Amino acid sequence: MGLTDDTGKRCPLLPCSIPNITNTSMQQQQQQQQQMVDHASTYTMDEALLPMGFGKFQAFLLAYSGMGWISEAMEMMLLSFVGPSVQEIWKLSAQEQSLITSVVFVGMLIGAFSWGLISDIYGRRMGFLFTAIITGVAGFLSAFAPNYIALIVLRFLVGIGLGGGPVLSAWFLEFVPSPNRGAWMVVFSAFWSIGTILEASLAWAVMPKMGWRWLLALSSVPSFLLLLLYGFTSESPRYLCMKGKTTDAMQVLEKMAKWNHVSLPSGTLVSDHTCVPDENPASSAGLDSITIQRHDTNTDDSESKRGGITSLFRLLSRKLLRTTLLLWMVIFGCAFAYYGIILLTSELSSGNKKCSSNKLHLKSDGSGLYKNVLITSLAEIPGLFIAATIVDRIGRKLTMSSMLFVSCILLIPLVSHQKEVLTVGLLFGARMLISGSFTIVYIYAPEVYPTSTRTTGVGVASAVGRVGGIVCPLVAVGLVHGCHQTAAVLLFELVILLAAVAICFFPFETSRRYLLDSVRNIK
């Protein structure tokens, strides 16, 4: 017995609505097939960078951004030499000499916060252009400072310029394919160690014969080299995509492909692709754990155009709050420990004679300041080598936490008096591991933030690190001068341990993952 439809026609025993269901199913299949075709005809920024590899284009970017890192390291290291010389010539008090260093850290705190916001709004190139101008000009003019006040003002401006260093690291990061991104970022960080060694060597050669003014002038040369080569740099294509400027991004990618002698994927570059990290820790070993989603990112773009306040508040949003607070804690701890170990080594090596002999103490061997600084700077080289070897193999989190935990173990014997050779070896090892973890946290920071707020997040975190650099001399060195070396070592132990534990609670591993572009896709 048949059924009658709305038109009065008889139908088979099967319901008349089945053909409609079949049609709907066919339409869905057609839509899925069309989506597959659309997917094949477009590609994301990460899909474009992957076949690029690391070629001539990235090598130039590494050299350029590395020069900026050398500039920052040299401007920081010269404080160890200029302060004592100026104090002797201008008859400064100990507090006035310390202020020469402190104003640089204060300037870096302001600069790190400001340049990150500017780079997220107006572009990475705009950010590091003005940092190079301010650092180079103020650094060079410092050599002609007629008095103490002028020197303080100029060094403060240098600090503001130096605060833009994280912009260069984020800029370089956005050009590197994900599989070996960690290792290349460690190589980039090695330029800091190169800068410290160069500055110590330069001071050794210049200071005894030509004085501190020549050292200040020559140390500003790397910043002017950045300005000289600025015209050859390109804006980050990932940033351009985030802003919806896919045509400009495509031009940069074509330039990269030409330099690297490779071909871009077939299809059209799209700016509305983001990557969602898989929360399953077991999936962090490869790129297969990445889920590519395609959607409109105009929301993030429109928010970024409203100004820096929106970008800043986004760091404390529900999805980024945990990451931001933990990152601040880790960077503060690494900065506190890094500068603290350097200061502690200096204090112990100088021989704090007013303290009793049973305290932690190294005999002063009478060697020159320049030679000592040059030798201790070499401790960072093996730390960078270890970090570069394992950072992509075992991941950022495990590498950082293991280095910090081991450094804690190395510092334990120093709570009591040890032989000079053992003390020097333990401090050398602690600096090696802490510098390695400090390097990796500056790799993890730009990777864990989305493109729309990347330089803001790294800049603010760097500013928090500067606070650690400011607080460390006031607390740690004060304890050493007060003959409380054991308390100083225990303080370092506590800070390092808390930073290592905080790393374990980071939301996800970033090793071998595509970079995030949108806050909305963070789980």
### Query
Within the group Tyr122, Tyr148, which residue is touching an Asp or Glu at 6+ places or on another chain (Cβ under 7 Å) and more than 21 Å from Asp392 (Cβ to Cβ)?
Tyr148
### Query
For segment 200-278, which helices (runs of 4 or more DSSP H) that fit wholly inside it have 3 or more residues that are modelled with pLDDT under 90 and under 18 Å from Met126 (Cβ atoms)?
237-242, 246-260
### Task
Could you look through segment 105-163, keep only residues that are more than 22 Å from Gly231 (Cα to Cα) and polar (S, T, N, Q), and pick out the one that is nearest to the chain's Cα centre (by Cα)?
Ser114
### Message
If the requirement is being over 20 Å from Glu509 (Cα atoms), part of a helix (DSSP H, G or I) and among the basic types (Lys, Arg), which of these qualifies: Arg454, Arg431?
### Response
Arg431
### Query
Restricting to segment 125-168, what's the tally of residues that are in contact with a Phe, Trp or Tyr (Cβ under 7 Å, 6 or more places away or on another chain) and polar (S, T, N, Q)?
1
### Message
Taking the criterion of being at pLDDT below 85, within 12 Å of Ser169 (Cβ to Cβ) and part of a helix (DSSP H, G or I), would at least one residue in segment 459-472 satisfy it?
### Response
yes
### Query
Is it the case that some residue within segment 181-197 is in a helix (DSSP H, G or I), hydroxyl-bearing (Ser, Thr, Tyr), over 21 Å from the mean Cα position of the chain (by Cα) and within 27 Å of Ser435 (Cα to Cα)?
no
### Message
Please count how many residues of segment 416-458 are more than 28 Å from Cys483 (Cβ to Cβ) and open to solvent by 10 Å² or more (accessible area, probe 1.4 Å).
### Response
3
### Message
For Tyr339, only one of the following conditions fails: (1) aromatic (Phe, Trp, Tyr); (2) at pLDDT 85 or above; (3) open to solvent by 30 Å² or more (accessible area, probe 1.4 Å). What is its number?
### Response
(2)
### Message
I'm trying to understand the selection: among the residues of segment 141-155, which are part of a helix (DSSP H, G or I) and open to solvent by less than 10 Å² (accessible area, probe 1.4 Å)?
### Response
Ser142, Leu151, Arg155
### Task
Of all residues in segment 40-55, count the ones that are open to solvent by 20 Å² or more (accessible area, probe 1.4 Å) and in a helix (DSSP H, G or I).
4
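The values are calculated or read from the model by the stated rules, or taken from the named source; none is laboratory data. Remember, predicted model here, so these are calculated numbers, not experimental data. Heads up, the Cβs are rebuilt from the backbone with ideal geometry, glycines too, and the neighbour counts pull from every protein chain shown. Note: areas computed on protein heavy atoms with side chains; ligands, DNA, RNA excluded. Shrake-Rupley method; radii C 1.70, N 1.55, O 1.52, S 1.80 Å.
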